[in-house]
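Below is one structure, written out as structure tokens, with a few remarks after it.
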Amino acid sequence: MATLEIGWVNYRITEVNDWVIVHPSGKAENNEPLRVKYLFHRWLTQKGIRVIVDLKEISHFGVWEMGLLTSFKKEVDQRAGILRLCNLSSCLQGYFQHDRFAEQFEIYRDLECAMEAERN
């Protein structure tokens, strides 16, 4: 497990069963989306990378946090990988349901569901 502390967002990263699980916490700064490619270079260069972003500990969600997720999505898509989100708060679920971004992300109730979905 690794922890990267840059800006106001801390990232706890674990690797479980071929999944890279990212646990961001805190509030993003205006340049947070640009950091994703740099911070996760080790993982995001792998073809077919499988990433789950667990949003349980995110304290705020706004334009910069959305930029963080779209940056992850872009990097993962370029490598023909899978990106899933889980543990969205009820407020955040509402945001995704009423916004055009809902169609761009695979959203799961919790980490276990996100990891198991492919096996079914």
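The values are calculated or read from the model by the stated rules, or taken from the named source; none is laboratory data. Here the structure is a predicted model, which is why all the values come from computation and not from measurement. Quick reminder, even Gly has a Cβ in these numbers, built from the backbone with ideal geometry, and neighbours come from all protein chains shown. The area values use the complete protein model at the heavy-atom level, side chains included, leaving out ligands, DNA and RNA. Shrake-Rupley method; radii C 1.70, N 1.55, O 1.52, S 1.80 Å.
Values computed for the structure shown
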{"read-out": "Qualifying residue in the range 74-94 (condition: of a type in the set (A, V, I, L, M, F, W, C), at pLDDT below 90 and out of contact with any strand residue (DSSP E or B) (no Cβ under 7 Å at 6 or more places or on another chain))", "value": "yes"}
{"read-out": "Residues (in a helix (DSSP H, G or I) and farther than 14 Å from Phe40 by Cα) located in the range 55-69", "value": "Leu55, Lys56, Glu57, Val63, Trp64, Glu65, Met66, Gly67"}
{"read-out": "Qualifying residue in the range 53-66 (condition: within 12 Å of Val20 (Cβ to Cβ), modelled with pLDDT of 75 or more and not small (Gly, Ala, Ser))", "value": "yes"}
{"read-out": "Residue that is nearest to Glu32 (Cα to Cα), among those in the range 71-94 that are of a type outside the set (D, E, K, R) and buried (at least 20 other Cβ atoms within 10 Å of the Cβ)", "value": "Phe72"}
{"read-out": "Selected residue (criterion: least open to solvent (accessible area, probe 1.4 Å)) from residues of the range 103-118 that are closer than 19 Å to Thr14 by Cβ and part of a helix (DSSP H, G or I)", "value": "Ala114"}
{"read-out": "Residues within the range 54-102 that are free of Cβ contacts under 8 Å to residues at least 12 places away in the same chain, charged (D, E, K, R) and within 22 Å of Asn10 (Cα to Cα), tallied", "value": "1"}
{"read-out": "Segments classed as strands (runs of 3 or more DSSP E), wholly inside the range 1-46, with at least 2 members that are surrounded by fewer than 17 Cβ atoms within 10 Å (Cβ to Cβ) and at pLDDT below 80", "value": "2-6"}
